[in-house]
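Chemist: This is the structure, below, for whatever I ask next.
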Amino acid sequence: MDANELLKRYADGETKFVEAQLRGVNLFGADLIGVNLNKANLSHAMLVFTYLSRSILDKANLMYTNLSGANLNQARLVNANLQNADLHGASLQGADLQIADLTLADMLDANLMNADLRGANLSGANLTGVCMRGANLREEKRGYPPANLRGTNLQKADLRGADLTGADLSKVNLSGANLSEATLRGVNLSGANLSEAILYNASLSDINLSGANLSGANLINSRLERSNLIDSNLIDINLSGALMADAKLTRAKMNRANLSFARLSRADLSRAILCEANLTETDLVDAYLAKTDLRCANLNKANLFKAEMSSANFMGANLREAVMPDGTVQY
């Protein structure tokens, strides 16, 4: 089937083209709203600025297809093959992309607001500037494996309120991304770049951030209980008011970090570097601070009751009104 035949039949009221062979077809700017291309072969096709809103493309072959600027709002692309597809600037608001393969796809500045990406494979995709606000990428035990975003570029992406529970985001680039109020429980972000990222009020419990770069990131009022931040870069991070009970911060670099009013009870900060950090009124009850570097840190009114501080370096630190491990108050 060629482009002319498809467009003529569509204009005559036909919408169902299941398993159509349309490899390499040129449908630039065509109006195909609501078309059914289930299991169709559209690999290498030209679909730039094509209107495909509410279309059905389940299990369709869209490998190397050019969909830049296309309108796919509320489209169904369940289990579709979009490997190496060009989706630059495409709109996929509310689209269903469950278990879709988007490996190495170019999604620069694409709109995926409220899209369903459960079980999708986005490994190696370019998601720079993408809007994924309210997108659903959560892992579910029945039928949906974790979304795979391993090695993707999400620089300056909008992920506000997105649900990424259980997703694999290892070595992903999220520098400058906005993840405010996002849910990332149990996510693997080991080795990821989150420098200057905004994670205000985000849910990060049980997350793996080992070796990650969070320098200059904003995590005010975030939840990081039982999080793994071993060997991470937290220089100049803002963790004011964060909940970090039982967090693992061994060898973390936290120079000039703002941890004021944070809750770090039972946290492991052994060998961490907290030079010039702000720990004003921080809860460090039962924290492990063995060989921690706290030179010139501000611990004014911090609670260090029952903390283990053997060989910790407090040279030049401000401990005024701090509660010491034995319960005494420093004056």
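Chemist: Quick one: Q155 ticks every box in (1) open to solvent by 10 Å² or more (accessible area, probe 1.4 Å); (2) at pLDDT 90 or above; (3) touching a Lys or Arg at 6+ places or on another chain (Cβ under 9 Å) bar one, so which box is it?
Modeler: (3) is the only condition that Q155 fails.
Chemist: When both residues are 6+ apart or on different chains and their Cβ atoms are under 8 Å apart, which pairs have a first residue that lies in the stretch 115-135 and is on the phi > 0 side of the Ramachandran plot, and a second that is among the charged types (D, E, K, R) and part of a loop (DSSP other than H, G, I, E, B)?
Modeler: Once the first residue is on the phi > 0 side of the Ramachandran plot and sits in the stretch 115-135, its partners that are among the charged types (D, E, K, R) and part of a loop (DSSP other than H, G, I, E, B) give G124/R150; G129/D109; G129/K156; G134/R160.
Chemist: Could you say which residue among S175, S260 is more than 12 Å from the chain's Cα centre (by Cα) and part of a loop (DSSP other than H, G, I, E, B)? Step through it out loud before you land on a result.
Modeler: Working: S175 fails: more than 12 Å from the chain's Cα centre (by Cα).
Going through S175, S260 in turn, the sole match is S260.
Chemist: Run N178 past the list (1) within 27 Å of S53 (Cβ to Cβ); (2) in contact with a Phe, Trp or Tyr (Cβ under 8 Å, 6 or more places away or on another chain) and report the number of the one that doesn't hold.
Modeler: Here N178 clears every test but (2).
Chemist: So R54 ticks every box in (1) closer than 20 Å to C131 by Cβ; (2) touching a Phe, Trp or Tyr at 6+ places or on another chain (Cβ under 8 Å); (3) surrounded by fewer than 19 Cβ atoms within 10 Å (Cβ to Cβ) but one. Which box is left unticked?
Modeler: (2)
Chemist: Please determine, by comparing only the residues of the stretch 315-324 that are in a loop (DSSP other than H, G, I, E, B) and aliphatic (A, V, I, L, M), which one is surrounded by the most Cβ atoms within 10 Å (Cβ to Cβ).
Modeler: A322
Chemist: Looking for something under 28 Å from G186 (Cα atoms) and among the aliphatic types (A, V, I, L, M) - is there at least one such residue anywhere in the stretch 292-306? Please lay out each step first, then the result.
Modeler: Start the filter on the stretch 292-306 by keeping residues that are under 28 Å from G186 (Cα atoms), which leaves 292.
If we keep only those that are among the aliphatic types (A, V, I, L, M) too, we end up with none.
So far as the stretch 292-306 goes, no, none of its residues is under 28 Å from G186 (Cα atoms) and among the aliphatic types (A, V, I, L, M).
Chemist: From the residues in the stretch 57-79 that are in a loop (DSSP other than H, G, I, E, B) and over 17 Å from A100 (Cα atoms), which one is least open to solvent (accessible area, probe 1.4 Å)?
Modeler: Filtering the stretch 57-79 for residues in a loop (DSSP other than H, G, I, E, B) gives 57-60, 62-65, 67-70, 72-75, 77-79.
So of that shortlist, the ones also over 17 Å from A100 (Cα atoms) come out as 68-70.
Numbers: S68: 24, G69: 27, A70: 2 Å².
By that ranking, first place goes to A70.
Chemist: Determine which member of the set I237, I198, I220, I207 is open to solvent by less than 20 Å² (accessible area, probe 1.4 Å), under 20 Å from G161 (Cβ atoms) and among the aliphatic types (A, V, I, L, M).
Modeler: Numbers: I237 fails: under 20 Å from G161 (Cβ atoms); I198 fails: open to solvent by less than 20 Å² (accessible area, probe 1.4 Å); I220 fails: open to solvent by less than 20 Å² (accessible area, probe 1.4 Å).
After ruling out the rest, the residue left standing is I207.
Chemist: Separate question: Yes or no: A312 buried (at least 17 other Cβ atoms within 10 Å of the Cβ), in contact with a Ser or Thr (Cβ under 6 Å, 6 or more places away or on another chain) and either more than 19 Å from M244 (Cα to Cα) or of a type in the set (K, R) (or both)?
Modeler: Numbers: buried (at least 17 other Cβ atoms within 10 Å of the Cβ): yes; in contact with a Ser or Thr (Cβ under 6 Å, 6 or more places away or on another chain): yes; either more than 19 Å from M244 (Cα to Cα) or of a type in the set (K, R) (or both): yes.
So A312 fits the description; yes.
Chemist: Continuing with this model, one more query. How many of the residues making up the stretch 158-176 are at pLDDT 95 or above and surrounded by fewer than 20 Cβ atoms within 10 Å (Cβ to Cβ)?
Modeler: Total satisfying the criteria: 1.
Chemist: On the basis of being surrounded by 18 or more Cβ atoms within 10 Å (Cβ to Cβ), within 23 Å of S205 (Cα to Cα) and of a type outside the set (F, W, Y), does D268 make the cut? Explain how you work it out, then say what you get.
Modeler: Details: surrounded by 18 or more Cβ atoms within 10 Å (Cβ to Cβ): yes; within 23 Å of S205 (Cα to Cα): yes; of a type outside the set (F, W, Y): yes.
Yes, satisfied.
Chemist: Would you check which residues across the stretch 124-152 are surrounded by fewer than 20 Cβ atoms within 10 Å (Cβ to Cβ) and touching a Gly at 6+ places or on another chain (Cβ under 7 Å) and list them?
Modeler: Across the stretch 124-152, the qualifying residues are G124, G134, E139, Y144, P145, G151.
Chemist: Hey, Q330 hits all of (1) at pLDDT 95 or above; (2) open to solvent by 10 Å² or more (accessible area, probe 1.4 Å) but one; which does it fall short on?
Modeler: Status for Q330: all satisfied but (1).
Chemist: If you don't mind, another one. Considering only the stretch 211-223, how many residues are outside any strand (DSSP E or B) and within 15 Å of the chain's Cα centre (by Cα)? Show your work before the answer.
Modeler: The initial filter retains those residues of the stretch 211-223 that are outside any strand (DSSP E or B), namely 211-212, 214-217, 219-222.
Those still in the list that are within 15 Å of the chain's Cα centre (by Cα) too: 212, 214, 217, 219, 222.
Result for the stretch 211-223: 5.
Chemist: Do you know which residues across the stretch 287-308 are buried (at least 18 other Cβ atoms within 10 Å of the Cβ), closer than 22 Å to S232 by Cβ and not β-branched (V, I, T)?
Modeler: Once the filter is applied, which keeps residues that are buried (at least 18 other Cβ atoms within 10 Å of the Cβ), closer than 22 Å to S232 by Cβ and not β-branched (V, I, T), the stretch 287-308 yields A287, Y288, L289, D293, L294, A297, N298, L299, A302, A307.
Chemist: While we're on this one: Looking at this structure, is G191 open to solvent by 30 Å² or more (accessible area, probe 1.4 Å), assigned to a loop (DSSP other than H, G, I, E, B), at pLDDT 95 or above and not β-branched (V, I, T)?
Modeler: Values: open to solvent by 30 Å² or more (accessible area, probe 1.4 Å): yes; assigned to a loop (DSSP other than H, G, I, E, B): yes; at pLDDT 95 or above: no; not β-branched (V, I, T): yes.
Against the criterion (open to solvent by 30 Å² or more (accessible area, probe 1.4 Å), assigned to a loop (DSSP other than H, G, I, E, B), at pLDDT 95 or above and not β-branched (V, I, T)), G191 does not qualify.
Chemist: Under 27 Å from L199 (Cβ atoms) and either open to solvent by less than 40 Å² (accessible area, probe 1.4 Å) or under 23 Å from the mean Cα position of the chain (by Cα) (or both): is that true of L32 in this structure?
Modeler: Details: under 27 Å from L199 (Cβ atoms): no; either open to solvent by less than 40 Å² (accessible area, probe 1.4 Å) or under 23 Å from the mean Cα position of the chain (by Cα) (or both): yes.
Judged against the criteria, L32 is not a match.
The values are calculated or read from the model by the stated rules, or taken from the named source; none is laboratory data. This is a predicted model, so every value here is computed, not measured. Positions of Cβ are backbone-derived with ideal geometry, glycine not excepted, and every protein chain shown enters the neighbour counts. These area figures cover heavy atoms from the full protein model, side chains too; ligands, DNA and RNA do not enter into them. Shrake-Rupley method; radii C 1.70, N 1.55, O 1.52, S 1.80 Å.
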